[in-house]
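Accompanying notes for the structure given below.
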Amino acid sequence: MSEIIFKNILKEFETFLQSQKPSSTQAMKKACELIDQNLDYYNWTGFYMVSQTEERMLELGPYVGSKTEHTKIPFGKGICGQTAESQDTFIIDDVNQEDNYIACNIDVKSEIVVPMFLEEDMIGQIDIDSNKPAAFGKTDEIFLSQICLLISQVIKNEKNV
């Protein structure tokens with residue numbers, strides 16, 4: 001079921017990118033909105049980008065969901081920081097079992113963080129929280145990787161202008 005929803009979100013997002021020619025910030029915001037509107041088990045969706053001013057730091061980008069105090073995350077700290085360090089996707093079925101988890105909301109039960117690359121360089125990540133345990137799987141990872149790829153293409157185009 002969710003694979004069909006994923007395909008529909010990707011199609012709508014690609015249409016938006018082609019027709020609107022948005023900035024990377026606008027593209028990330030639109031991705032968050034589409035995900036939030038269509039996937040009820042995605043309870044917080046946001047981007048953390050590698051800081052351009054501070055070494056080994058992630059900075060909060062566009063997001064949809066409850067307000068977070070975590071606007072900056074050092075590499076290695078929390079699931080987002082672990083993803084930045086390893087440059088691998090993390091799927092966490094039960095955040096309460098993670099020693100390195102940074103609690104954003106007491107209702108969060110599971111999390112997925114997918115890195116975003118521009119060529120070989122990790123430039124950011126998409127972070128999703130769910131209020132359901134074990135909410136994420138391989139199809140979510142593939143879908144979110146595709147979203148990240150589309151946004152990285154927008155970023156690449158901005159840098160080449």
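The values are calculated or read from the model by the stated rules, or taken from the named source; none is laboratory data. Remember, predicted model here, so these are calculated numbers, not experimental data. Please note: Cβ atoms are built from the backbone with ideal geometry, for glycine as well, and neighbour counts cover all protein chains shown. SASA here: full protein model, heavy atoms, side chains in, ligands and nucleic acids out. Shrake-Rupley method; radii C 1.70, N 1.55, O 1.52, S 1.80 Å.
A few notes on this one:
- Links that overshoot a 19 Å alpha carbon limit, given the list K21/K67; K29/K67; K29/K132: K21/K67; K29/K132
- Of the GluC sites (Glu not before Pro) found in segment 23-74, the ones in coil according to DSSP and having at most 13 other Cβ atoms within 10 Å of their Cβ are E54, E55, E69.
- Bridging of K159 to aspartates and glutamates at a Cα separation below 17 Å is possible for E119, E120, D121, once same-chain residues fewer than 8 apart are set aside.
- D94, D99, D140, ranked by accessible area, largest first (probe 1.4 Å): D99, D94, D140
- For segment 34-141, the Kirkwood radius over C-alpha pairs fed into Stokes-Einstein at 37 °C and 0.692 mPa s yields D = 239 µm² per second.
- Amide H to amide H distances under 5 Å link F75 with M57, L58, where only residues 5 or more positions off or on other chains count and H is placed in the peptide plane.
- Checking every one of the trypsin sites (Lys or Arg not before Pro) in segment 18-57 against DSSP loop status and a limit of 14 other Cβ atoms within 10 Å picks out R56.
- Here the chain exposes an accessible surface that is 47 percent carbon and sulfur, computed with a 1.4 Å probe and the other protein chains kept in place.
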